[in-house]
Structures are given as C-alpha cells and as structure tokens.
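Undergrad: Before anything else, here's the structure in question.
The values are calculated or read from the model by the stated rules, or taken from the named source; none is laboratory data. Predicted model only: the values in this text are computed from it and were never measured. Heads up, the Cβs are rebuilt from the backbone with ideal geometry, glycines too, and the neighbour counts pull from every protein chain shown.
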Amino acid sequence: MQKEADEWRVFSRITSIPWTQGTKEHSLVLRRYSRRVTGLEPDNKRIIFRLIRGLSLGYVWYVMKLLDRVRDVGLRRHLAASTIACYRSWIGEFLRFSRRDGTWRAPAELLAADVERYLTHLARDRRVSASTQNQATCAIVFLYKHVLGDELGPEHLGRFEAERARRPVRVPTVLSGAEVQRILNALPDGSMRRLMVELLYGAGLRLKECCTLRVRDVDFDRGQIVVRGGKGDKDRLVMLPSRCVAALAEQVRRVRHQHDLDVRRSGGHVPLPDPLLHKTPYARVDWRWQYVFPSRILRRDDQGRGFRWHTDPGRLDWAIRRATHRAQVSKRVTAHTFRHSFATHLLEQGWDVRQV
C-alpha cells in the first residue's frame, strides 16, 4: 500500500506541471521530475511508464484517474491489495493493446470485439496460461461492470467470446519425508528461514500466511496457530507442530526484545489493516501485533515513526531454492510444495480428507 501511495503521489505532482508541447518525450520528463520530487526510482511507477510513451497530458491524466478509480472501487469491495494491483496492470495493458494506428482510445470507445481480440491475442500469440488469461478477463470485466458501469451501462460490452487457453490438469510436486528432511538439514540450524520452512511443512501454511503471522496468533497452550485473512479472506485453525514449539517460542522472545529496542528508537510500530487501526489504534505499538518473522529493516514514515514489516517472501523462496540445490533434490521445490507434501503425507497416514 505504501508503494502505491508513493506512486500516485508522484503522478499527482507531475500532472500539475505546466508542460509545453513538443519539447521532450513525456517519459523523460516523468523520470527526471520523479527523482527530483521524491527520490523514488522509476521502477516504482512501472504501470504508467508502460502507458506513457506518445500520450498527451490529457490522456495521462485520464489514465491516472481511471486506475485511481479501479483502486478505490477495489478497496470499497474489499479486494486484496495484490488483486487490485493485478487488475490495474491488466487494464493498462488492455488500453495499450487497443490503440488504433497509434492513437489511444478511451474505454467507452472499446466494445466486445476489442475485448475478444485482446483475449485471443493473449491465448494465441502470447500463449499465456489459462489462469493468466482468466486474470485479464476478470480485470476487464471489473473495469466495465464495477468501475464504469454507471457511465456506460451494464450492457456496454454485452456477451463476448474469445479463444480460450486450454487449462491442463497438473499433478502437484510432492516431496518424500526423506527429501523434506534433507532440505531442512541444508538450512542453517536455528535460523529463522529453517523455522519458517518447518511451519510450511508441519502446519501446511501458505507462503504469505507464514510471512504475515503475528505473535498474537500463536497459541502455545492449545498447540494451534490462527491463520487470519488467508485465501478468500478466511480465517482457519492449523496445528502447531510439537517440534517447532521451542524454536517458535525463542523466535517470539527475540521479536519482543527487538520491539523493546525499536520503541527506544521512536519505532515499535507495525502495519495494521485500516479498519483495525481506527478501531484499536493502540495495537500499532503493541508487541502482540508484531510479526513473528519481521524484516531486518526499520522503515520510517513521513512523521519519523519506525515501522517493521514482515520478512520478504522472496527471500524465503530464495533460501528454499538454495537449500534444494545443496540437498541435491532433483524436483522443482517452491514454498507451496511443502503444503502439498503436508496434505499428502497426512492422507497417506490415514487422516480424513475433510480434516486435512
């Protein structure tokens, strides 16, 4: 969310500049001005930079406001932040593809035939996967149904057909118990990365669920973990592996010690969902709301308050790849592979599939 806020703050400042026609390419002006105003690198604004070449200032402003509306409608409908970012990216790609002789067209000018042509292009020319094409379809439908529905009407696109990418049936990669143990042994003993992988396998957590786990959600007495806001924004209870109890308790102790040090440095804050932040503002500095696996970097906001986010999921993926290589496991192993292995091994031991 902070990244998106920085992105759109820069764009708002840029569009207030009086531009002269025909002086320099808009992309160069944007790059130079964005560095001067905020010090941010242009990579943080990749969505607009993919659209910006050859546009007039008026269309830049229109695209910016349109994607702003997509974000606002997504937040109002309680979509996940990753879903909103994905929709905005696909809508920008759709508008870029729908140019006619280099001339950009507004969404009101685009009809079902244009949508069919774009989706067919994804399936036939770019050969994207079926799930990727479905993402693009959902983004376009969201734009015309929920964002522009009141202006254009619900029947603006009508029914459209496109060449669909075939979705093959894939068998998930499952590790044996010996392979799981070899990968764990390849990770440094007592490290935070090893503890995270043990939870991925022992509790069946998803990657994001593990990274965003908070101290308050670990119940040592009852031997369970509360997963909040998982896939589909649903909560669930999972088992706490007995072999992880001691290491997890030590990790929680480190988090509390680090939190005490951060408080002395005008820090100790942790990101919270907006509804919770307004309801219980004290939770932002409460150690129980800290992430179990925090980032090493203390980031400060505009008011100088220190925030400590959760660890980067990409770092755990990288550690798993390195450990898999050192363990000489020939399978393609990702963080989600441990979740598949967890469920498969439970079923092999006779557990009921409804419990798994």
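Undergrad: Give the residue, chosen from Leu276, Leu272, that is part of a helix (DSSP H, G or I) and either within 15 Å of Arg214 (Cα to Cα) or of a type outside the set (S, T, N, Q) (or both). Spell out the reasoning first.
TA: Values: Leu272 fails: part of a helix (DSSP H, G or I).
Unique residue meeting the criteria: Leu276.
Undergrad: Can you tell me which residue among Arg308, Arg299 is charged (D, E, K, R) and surrounded by fewer than 18 Cβ atoms within 10 Å (Cβ to Cβ)?
TA: Answer to the selection: Arg299.
Undergrad: Would you be able to say whether some residue in the range 71-79 is at pLDDT 85 or above, part of a helix (DSSP H, G or I), surrounded by 14 or more Cβ atoms within 10 Å (Cβ to Cβ) and not basic (Lys, Arg)?
TA: Yes: one or more hits.
Undergrad: Which members of the range 269-285 meet the condition of being farther than 13 Å from Arg308 by Cβ and either touching a Lys or Arg at 6+ places or on another chain (Cβ under 7 Å) or of a type in the set (Asp, Glu) (or both)?
TA: Passing the criteria: Asp274, Leu277.
Undergrad: When the range 112-150 is examined, which residues are found to be in contact (Cβ under 8 Å) with a residue 24 or more places away in the chain, within 17 Å of Phe97 (Cα to Cα) and of a type in the set (A, V, I, L, M)?
TA: Ala112, Ala113, Val115, Leu119, Leu122, Ala123, Val128, Ala136, Ala139, Ile140, Leu143
Undergrad: Further, regarding this structure: Kindly provide the set of residues from the range 122-148 that are more than 24 Å from Leu79 (Cβ to Cβ) and either among the acidic types (Asp, Glu) or loosely packed, with under 15 Cβ neighbours inside 10 Å (or both), ordered by number.
TA: Arg124, Asp125, Arg126, Arg127 - these are the residues of the range 122-148 that are more than 24 Å from Leu79 (Cβ to Cβ) and either among the acidic types (Asp, Glu) or loosely packed, with under 15 Cβ neighbours inside 10 Å (or both).
Undergrad: Now for a separate question. Give all pairs with beta carbons closer than 7 Å in which a residue from the range 250-266 that is more than 11 Å from Gly306 (Cα to Cα) meets a residue that is of a type in the set (Val, Ile, Thr); count only pairs at least 6 apart in sequence or on separate chains.
TA: Partner pairs satisfying both residue conditions: Gln251/Val292; Val252/Val215; Val252/Val218; Val252/Val292; Val255/Val215; Val255/Val292.
Undergrad: His310 versus (1) more than 23 Å from Leu75 (Cα to Cα); (2) in contact with a strand residue (DSSP E or B) (Cβ under 6 Å, 6 or more places away or on another chain): which is the lone unmet condition?
TA: (1)
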